[in-house]
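Working notes for the structure below.
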Amino acid sequence: SLQDKNALHLYSVNGKYLGSEILKEEVSDMCVTGEYIVMGSLQGFLSIRDLYSLNLIISPLAMRLPIHCISVTKEYSHILVGLEDGKLIIVGVGKPAEV
């Protein structure tokens, strides 16, 4: 966070700058899984971005409370979201028929 602006920066393994994306929310936790970045914010939004382009894959999901932690299951079938009030939200990943 620099002067009330939040950004996500992408670098290669060798330290080459690849790109960045300005964020509207303050990131509280993130998880890199395969080709995706799963992020939770203090404003209560769950976002999924492409790892290489940093573009949003879907519109951010509103959880209505600050997100404290995120985890993705080993099979990449669900996202576990821990909220400020202690609730655990389980979000199914994939097409509706697969969920």
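The values are calculated or read from the model by the stated rules, or taken from the named source; none is laboratory data. Here the structure is a predicted model, which is why all the values come from computation and not from measurement. Every residue, glycine among them, receives a Cβ derived from its backbone with ideal geometry; neighbour counts consider all protein chains shown. Surface areas here come from the heavy atoms of the whole protein model, side chains and all, with no ligands, DNA or RNA. Shrake-Rupley method; radii C 1.70, N 1.55, O 1.52, S 1.80 Å.
Restricting attention to segment 39-53, the residues that are surrounded by 15 or more Cβ atoms within 10 Å (Cβ to Cβ) and either farther than 17 Å from Lys5 by Cα or among the aromatic types (Phe, Trp, Tyr) (or both) add up to 6. Which residues, taken from segment 1-53, are among the polar types (S, T, N, Q), without any contact (Cβ under 8 Å) to a residue 40 or more places away in the chain and in a strand (DSSP E or B)? If the condition is that a residue be among the polar types (S, T, N, Q), without any contact (Cβ under 8 Å) to a residue 40 or more places away in the chain and in a strand (DSSP E or B), then Asn6, Ser20, Ser41, Ser47 are the ones that fit. Taking the condition basic (Lys, Arg), within 20 Å of Val93 (Cα to Cα) and under 10 Å from the mean Cα position of the chain (by Cα), does Arg64 pass? Against the criterion (basic (Lys, Arg), within 20 Å of Val93 (Cα to Cα) and under 10 Å from the mean Cα position of the chain (by Cα)), Arg64 does not qualify.
If the condition is being surrounded by fewer than 16 Cβ atoms within 10 Å (Cβ to Cβ) and in contact (Cβ under 8 Å) with a residue 40 or more places away in the chain, then segment 54-90 contributes His68, Cys69, Ser71, Tyr76. In the set Tyr17, Tyr36, only one residue is closer than 25 Å to Ser77 by Cβ, open to solvent by 50 Å² or more (accessible area, probe 1.4 Å) and aromatic (Phe, Trp, Tyr); that residue is Tyr36. In segment 1-14, the residue that is most open to solvent (accessible area, probe 1.4 Å) out of those that are out of contact with any strand residue (DSSP E or B) (no Cβ under 7 Å at 6 or more places or on another chain) and of a type in the set (A, V, I, L, M, F, W, C) is Val13.
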